[in-house]
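S.K.: I'd like to ask you about the structure that follows.
Computed from the coordinates by the stated procedures, all read-outs in this text should not be read as laboratory data. This structure is a prediction, so every number in the text was calculated from the model and none was measured. Cβ coordinates were reconstructed from backbone atoms using ideal geometry, including for glycine residues, and neighbour counts include every protein chain displayed.
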Amino acid sequence: MKLTLATSLAALAVLGCSAPPPQEAEPGATGPQARMEQVVSSSSGMVGGVHPRQIIALFGARLRDGVTDRELVGYRRVFGFGDRDGDGRHSMKEYVDEGVYMTRQARQGIFNAADSDDDGFVTRDEYVENRIITDEAKRIFERMDADRNGRLTSEELVGSGILKDENLSAAVFHALDANGNGELILPEYLRTWGRWARN
Ligand SMILES: [Ca+2]
Ligand SMILES: [Ca+2]
Ligand SMILES: [Ca+2]
């Protein structure tokens, strides 16, 4: 079943889950090798002459500063639901194998993105950080997705006027469009955005 983005996000919000819609998970984005490639590409630095962290600030991202205490409490509570053995971290077994929302592949992608120290576990702080980054990034994506079809085109990004500079907008779109097909879907966008936010 193909859900609309709005429907999926609404469902995910109900589930307290930060995951992208299942049909949009892309292969090849998980595992140590993908992670290494991500590190290498992010180390190349600037996008359109601007530091990635500055780019997401230009998009209006506030990261931790944009989150209320109440939201933090909610994120921690949701983390606790998944931490079945109560050891303060999600194991691969708890989150990926025993998770029930989305596809296994989508859960694996989220787990890898959240595990920022790459030790095979997602601590509560890692989980909360990932929720802060991705929930905000999704709201920004939705604002730019003028026709609300869950796919962001370069025209939509430039047309949103969020980045004042059109050349920068084009460079940013190019950097986000990892598979080069001329449109961004959420998991694709979030992978690069997540790296920029942790940069
Ligand atoms: Ca970890
Ligand atoms: Ca669109
Ligand atoms: Ca694309």
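S.K.: If you average the C-alpha positions of region 133-192 and of region 44-107 separately, how far apart do those two centres end up, in angstrom?
M.R.: Rounded to whole Å, the Cα centres lie 19 Å apart.
S.K.: What net charge is computed for the residues neighbouring residue 46, neighbours being all others with C-beta under 15 Å from the C-beta of residue 46, Lys and Arg scored +1, Asp and Glu -1?
M.R.: Net local charge, residue 46 excluded: +1.
S.K.: Which one of 110, 194, 146 has its Cα pushed farthest toward the positive end of the charge dipole of region 46-197, where Lys and Arg give +1 and Asp and Glu give -1 at the Cβ?
M.R.: 146
S.K.: Take the Cβ-Cβ distance between residue 165 and residue 65 as r, set R0 to 22 Å, and report the resulting FRET efficiency rounded to the nearest 0.05.
M.R.: The pair residue 165/residue 65 has a calculated efficiency of 0.40.
S.K.: Please compute the contact order of region 132-194 in relative form: average sequence separation of alpha-carbon pairs under 8 Å and at least six residues apart, divided by the residue count, as a percent.
M.R.: 35
S.K.: Now, a different point. Within region 62-91, what residues put their amide N at less than 13 Å from the label point 7 Å along the Cα-to-Cβ vector of residue 101?
M.R.: Answer for this model: 74-83.
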